[in-house]
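Note sheet for the following structure.
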Amino acid sequence: MKVLVTGGAGFIGSHIVDELLLQNFDVVVLDNLSTGSKENIPDRVTHYNMDIKDHLDLVFAQERPDIVIHQAAQVSVSFSMEYPGFDAEENIIGTVNLLEACVKYGVKKFVFASSAAVYGAPEYLPIGEEHSIHPLSYYGLSKSHAEHYIQMFSNTFGLNYTILRYSNVYGMRQNTKGEAGVVALFIDRALRGEALSVFGDGRQTRDFVFVKDVAKANVAACHDGDRKTLNISQGSKTSIVELIEELYLNIGESMMPSFQDERPGDIRHSLLSNREAEQCLHWNPSYTLSEGLQLTIDYCRSRQVQTY
Ligand SMILES: NC(=O)c1ccc[n+]([C@@H]2O[C@H](COP(=O)([O-])OP(=O)(O)OC[C@H]3O[C@@H](n4cnc5c(N)ncnc54)[C@H](O)[C@@H]3O)[C@@H](O)[C@H]2O)c1
């Protein structure tokens, strides 16, 4: 079974590639390396340095993938607010271009990385998949439109799919520059002995899910969860203050964070129910926050040793 992973050189995509290889899939990566890195792609995996908006016949005719796992995207919420056109080109037009190639070349399944950002401000917690869709950013809007295109391609052409809406993903290889990477940013700062900045009182909560669990959900979606839209989350909430405590516990040191003004527009609490995913994918998150943080800290420490 051959799987094409778009964005396979990125944070989440590269862990999906690793998990697919572990489960003996043939894997091909399509990634333009705009935020990803070639060093994240194992040597034995063929990499097409291409854009999802490119003419994709070459790669699809050559590789004939059975499944496409689509992770490549413009991933920054704040960038989307500044450049909604670019965000739409990447996340809507890019996805439609890929869907057309999937139909033309008889791809059997399309697995898509969506986001909790499609929900907007929660009306209740935990958020189930039936929750209303009122995105607060162009990023959330473009992901929501991409979801609709996927569903319509399924209705029109019979393309099978699973849409996965991730909560806050953290783990090894996460870029400290993207704002999705609060954990990566905190670990980087803490290991350098710098104080952590917290917006507001730090009691706001997030649902942090470890990247290896997200990768396993994607691979499970290769054979389960047909035509489903599923939350992929830890299913538990952690406040920023608790995250910092857990992080310092793992590092073995501690420092008082500095508290800044609350950022306008920040959601106070976020928590996604993962019960549907548990049932449909026979999947559940297997790493506790403490375990995931420890692995991420070990990874960041080894990178710091390499850097200096
Ligand atoms: N990180 C999170 O917490 C989170 C949460 C919800 C959803 N997601 C979604 O998960 C997916 C992966 O995100 P990530 O955090 O790994 O980001 P990332 O930036 O590490 O990975 C994205 C990858 O896609 C590639 N890429 C970007 N635009 C491309 C294009 N036009 N053509 C080809 N390749 C392109 C990049 O080079 C990179 O390797 C994205 O779709 C993102 O929206 C992430």
In whole Hz, what ³J(HN,Hα) sequence does segment 150-162 give by Karplus (6.51, -1.76, 1.60; θ = phi - 60°), x for Gly and Pro? 4, 5, 6, 4, 5, 5, 7, 10, x, 5, 6, 8, 9
Whole-number percent relative contact order across segment 22-82, with pairs defined as alpha carbons under 8 Å at least 6 apart: 31 percent
Note the full-extension length gain between His269 and Glu194 as 0.36 nm times their separation in residues minus their Cα-Cα distance, in nm to one decimal. 24.4 nm
Just to be sure I understand: of the beta bridges DSSP finds with both ends in the chain, what percent are antiparallel, rounded to 5? 5 percent
Between helix 240-251 and the chain, what is the angle of the helix's C-alpha long axis to the longest principal axis, kept within 0 to 90° and rounded to the nearest 10? 80 degrees
Dividing the mean separation of Cα pairs under 8 Å (6+ apart) by the residue count of segment 121-251 yields a relative contact order in percent of 30 percent
Measure off 7 Å from each Cα along the Cα-to-Cβ vector at Val103 and Arg44, then give the distance between these two points in nanometres to one decimal. 3.6 nm
Give the angle, between 0 and 90 degrees and rounded to the nearest 10, that separates the Cα long axis of helix 11-22 from the longest principal axis of the Cα atoms of the chain. 60 degrees
Least to most buried among Thr95, Thr238, by other C-beta atoms within 10 Å and fewest first, runs Thr238, Thr95
Given the pairs Lys38/Lys108; Lys108/Lys143; Lys38/Lys237; Lys53/Lys216, which span a C-alpha to C-alpha distance of over 24 angstrom in this model? Lys38/Lys108; Lys38/Lys237; Lys53/Lys216
With viscosity set to 1.002 mPa s at 20 °C, what whole-number translational diffusion coefficient in µm²/s follows for segment 169-217 from Stokes-Einstein and a Kirkwood radius over Cα pairs? 179 µm²/s
Principal-axis tilt of helix 182-191 within the chain, Cα atoms, nearest 10 degrees: 50 degrees
Only residues of segment 60-79 count here: report those whose backbone N is under 12 Å from the spot 7 Å along Cα→Cβ of Phe86, or say none. 74-79
Among beta bridges assigned by DSSP with both residues in segment 163-274, the antiparallel ones amount in percent, to the nearest 5, to 15 percent
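Any read-out appearing in this document is the output of simple, stated calculations on the displayed coordinates, not a laboratory observation. None of these values were measured; they are calculated from a predicted model. We place every Cβ from the backbone using ideal geometry, glycine too, and count neighbours over all the protein chains shown.
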